[in-house]
1. Yes or no: region 10-20 includes at least one residue that is free of Cβ contacts under 8 Å to residues at least 12 places away in the same chain, closer than 16 Å to G119 by Cα and among the basic types (K, R).
2. Please tell me if E183 is under 19 Å from R334 (Cβ atoms), part of a helix (DSSP H, G or I), away from ligand 1 (no atom under 16 Å from the Cβ) and open to solvent by less than 80 Å² (accessible area, probe 1.4 Å).
3. Can you tell me which residue among V174, V181 is touching a Cys at 6+ places or on another chain (Cβ under 8 Å), within 16 Å of ligand 2 (Cβ to nearest atom) and in the same structural domain as Y264 (by TED's automatic domain parsing)?
4. Looking at E24, E9, E20, E51 in this structure, which one is in contact with a Ser or Thr (Cβ under 9 Å, 6 or more places away or on another chain) and among the charged types (D, E, K, R)?
5. S221 is checked against (1) away from ligand 2 (no atom under 15 Å from the Cβ); (2) within 28 Å of the chain's Cα centre (by Cα); (3) in the same structural domain as P245 (by TED's automatic domain parsing) and fails just one. What number does that condition carry?
6. State all residues of region 304-338 that are touching a Pro at 6+ places or on another chain (Cβ under 9 Å), assigned to a loop (DSSP other than H, G, I, E, B) and surrounded by fewer than 12 Cβ atoms within 10 Å (Cβ to Cβ); if no residue qualifies, say none.
7. I108 versus (1) open to solvent by 60 Å² or more (accessible area, probe 1.4 Å); (2) part of a loop (DSSP other than H, G, I, E, B): which is the lone unmet condition?
8. Kindly indicate whether R196 is surrounded by fewer than 17 Cβ atoms within 10 Å (Cβ to Cβ), touching a Ser or Thr at 6+ places or on another chain (Cβ under 7 Å) and charged (D, E, K, R).
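The values are calculated or read from the model by the stated rules, or taken from the named source; none is laboratory data. Nothing here was measured: the structure is a model prediction, and the numbers come from that model. A quick note on method: Cβ atoms are made from the backbone with ideal geometry, for glycine too, and the neighbour counts reach across all protein chains shown. Keep in mind that these areas ignore ligands, DNA and RNA; they rest on the heavy atoms of the full protein, side chains included. Shrake-Rupley method; radii C 1.70, N 1.55, O 1.52, S 1.80 Å.
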Amino acid sequence: MLKTDPDSEFLRTLSVLYVEDEDEVRELLTRFLVRRFDKVDVAANGREGLELFRAGHHDIVITDVRMPVMDGLAMAAEIKSMEKETPVIVITAYNEHEYFMRAIEIGIDRYITKPIDPGQLLSAIQRSTRIHLQQREIAEAREATANALTQVVAVLARAIECRDPYTDGHQKRVSALAEAVAEAMGLPPEQVVGIRVGAAIHDIGKIRVPTEFLSMPRRLSDEEFTLIKSHVEAGIEILGDVSFPWPIGEMILQHHERLDGSGYPRGLKGDEICLGARIIAVADVVEAMSSDRPYRPAIGPQAAMDEIRTHRGSRYDAAVVDACLQLLEQDPLRYLAH
Ligand SMILES: [Fe+2]
Ligand SMILES: [Fe+2]
């Protein structure tokens, strides 16, 4: 029996596909495998094995070579063409060396020879799946970092909004709407998370704007408005050298830019504005128009939708507007203050 080490707990969680035509051998090895692995699927020939593989996920495939209906190497070739990364261990008899060249071409990971030594089989499984283990550890570490980051971002967002009761919850709602829009546009999950995080702190620079300007119960003078506008640059200054795995700085800096160049701070046009900022811009306008402000009551979701519809393709990205309108038409109360 293999010694217990940090890998053995991981080994138990693997899902195994085992293919062998000889009843006696199959029953014996199946009994051995089910004691060590949580999920073991067993087939009596290559065709059955392939059907099982197609039906469910397997971390490793162990197969005999010579079998009726479809042999082990033909099955392995199909499996490798579908999922190159899945390790395949072939069990061969000493006199089956003529298969070796074909096995190398297919990309078989390991061979063990009959009669099967269970210890040898386990260590072959362990070596073949080590990369799986490393990938899982990396994924877990990344998830933990992303969670910590999200929590810090949420605290920051609250800290900004505490100063200004009128925009309480603004970033949270913009973040939820921007995330839904990004998802509806079919963006990759990694990018969707980045847009959610960027939107959650898009107004972080407002922390530098004196509170009285934020809650002024009247329209602002040009000078005052210039001060408010400075929140986008202040935002990236505050974040400084924090290196996010997403272009958060650009999203913050560009969320008031408009496709036709009428936005600020740089008057960027079209694709010069990153996609995250184009999405946040639309979510930001819709949310802001739907909420009360010190100098005016809420303009309302209908007017907000009219605003982005009117300027679709001119101020606002057409694909973003379409996705946003579709979401709001389905369920406006889900994303907006009420
Ligand atoms: Fe802003
Ligand atoms: Fe905003």
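1. no
2. no
3. After applying the criteria, what remains is V181.
4. Selected residue: E20, the only one of E24, E9, E20, E51 that is in contact with a Ser or Thr (Cβ under 9 Å, 6 or more places away or on another chain) and among the charged types (D, E, K, R).
5. Just one mismatch for S221, condition (2).
6. H338
7. Evaluating I108 over (1) open to solvent by 60 Å² or more (accessible area, probe 1.4 Å); (2) part of a loop (DSSP other than H, G, I, E, B) leaves (1) as the failure.
8. Details: surrounded by fewer than 17 Cβ atoms within 10 Å (Cβ to Cβ): no; touching a Ser or Thr at 6+ places or on another chain (Cβ under 7 Å): yes; charged (D, E, K, R): yes.
For R196, the condition - surrounded by fewer than 17 Cβ atoms within 10 Å (Cβ to Cβ), touching a Ser or Thr at 6+ places or on another chain (Cβ under 7 Å) and charged (D, E, K, R) - is not met.
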